[in-house]
1. Once you keep just the Cα pairs under 8 angstrom separated by 6 or more residues, what percentage relative contact order results for the range 41-152?
2. Go through 108, 166 and list them by solvent-accessible area, largest first, probe radius 1.4 Å.
3. Quick one: ranking 102, 11 by accessible area, 1.4 Å probe, largest first, what do you get?
4. Keeping all protein chains in position, work out how much accessible area residue 10 exposes to a 1.4 Å probe, and write it in Å² to the nearest 10.
5. Strictly over 20 Å apart at the Cα level, which of 34/132; 97/181; 97/160; 75/140; 114/179; 53/210 would you flag in this model?
6. Mean-square fluctuation check for the chain, GNM, Cα pairs under 10 Å: which of 174, 125, 16 is largest?
7. Take residue 132 and residue 47, extend 7 Å from each Cα along the Cα→Cβ direction, and tell me the distance between the two endpoints in nm.
8. Only residues of the range 16-49 count here: report those whose backbone N is under 12 Å from the spot 7 Å along Cα→Cβ of residue 78, or say none.
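The values are calculated or read from the model by the stated rules, or taken from the named source; none is laboratory data. What you see is a predicted model; the values in this text were computed from it and never measured. Heads up, the Cβs are rebuilt from the backbone with ideal geometry, glycines too, and the neighbour counts pull from every protein chain shown. The accessibility values were calculated without ligands, DNA or RNA, using every heavy atom of the protein model including side chains. Shrake-Rupley method; radii C 1.70, N 1.55, O 1.52, S 1.80 Å.
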Amino acid sequence: MKILVIGTGYVGLVTGACLAYTGNKVICLDVDNKKINDLNNGKIPIFEPGLSKIVTESIANNCLFFSTNYSESIKESDIIFIAVGTPMKDNGDSDLKYINNVSKSIGMYIDSYKLVIVKSTVPVGTSLKVQKIIQDEIFKRGSKIKFDIANNPEFLKEGKAVSDFMSPDRIIIGLDNSKSKLIFQKLYNPFSFNHDKLIFMDILSSELTKY
């Protein structure tokens, strides 16, 4: 499967590397040129047991790529994970400016059907706002491109993120389109060997599970 992960922080890098390690073609996108150059040169910005090995092998197998080019990366992918940070404001609210900027960029460059998955930790209702931002940008272009939105919260523990991703206790997925369910079943099949770990629910409920 052709996957784009936007954001190469803790969650984005682990997600992208693990999905690439199972044979998917994954592009990890970030606006930080230095970080992308370092990753392309094999320099991992975080220490996480097992991550360096997975990144190195996935790059060698031509399954993992790093880029700063929004347009090309979006066009080359069928599935888009949003994994940018949502830092806390002084008043305790989540700062969604990075999520909003990413959503606008997806709407500007999307050229065919995509499944857009919010992986970032977000307040309840954010994924539907992401959907609207993307749709508004598509409308501004005078296009009628179809896409689906889903929420797939992460439950990665520091120091065990790779093992948590590769052998999860459960995989929470919020969606509003049964067609997307088949994509998730195929995507996460390598991580559900012993039993089906996918738990499907509506988008708002899945956002709430993270909190």
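1. Values: 132 pairs, mean separation 27.7, N = 112.
Relative contact order, the range 41-152: 25 percent.
2. Numbers: 108 90, 166 55 Å².
So, going from the largest accessible area down, we get 108, 166.
3. Output order, biggest surface exposure first: 11, 102.
4. Surface open to solvent at residue 10 totals about 60 Å².
5. Numbers: 34/132 32 Å; 97/181 29 Å; 97/160 29 Å; 75/140 18 Å; 114/179 12 Å; 53/210 29 Å.
Exceeds cut-off: 34/132; 97/181; 97/160; 53/210.
6. Greatest mean-square fluctuation among the candidates belongs to 125.
7. Reported label-point gap for residue 132 and residue 47 is 4.4 nm.
8. Only 24-25 pass the distance filter.
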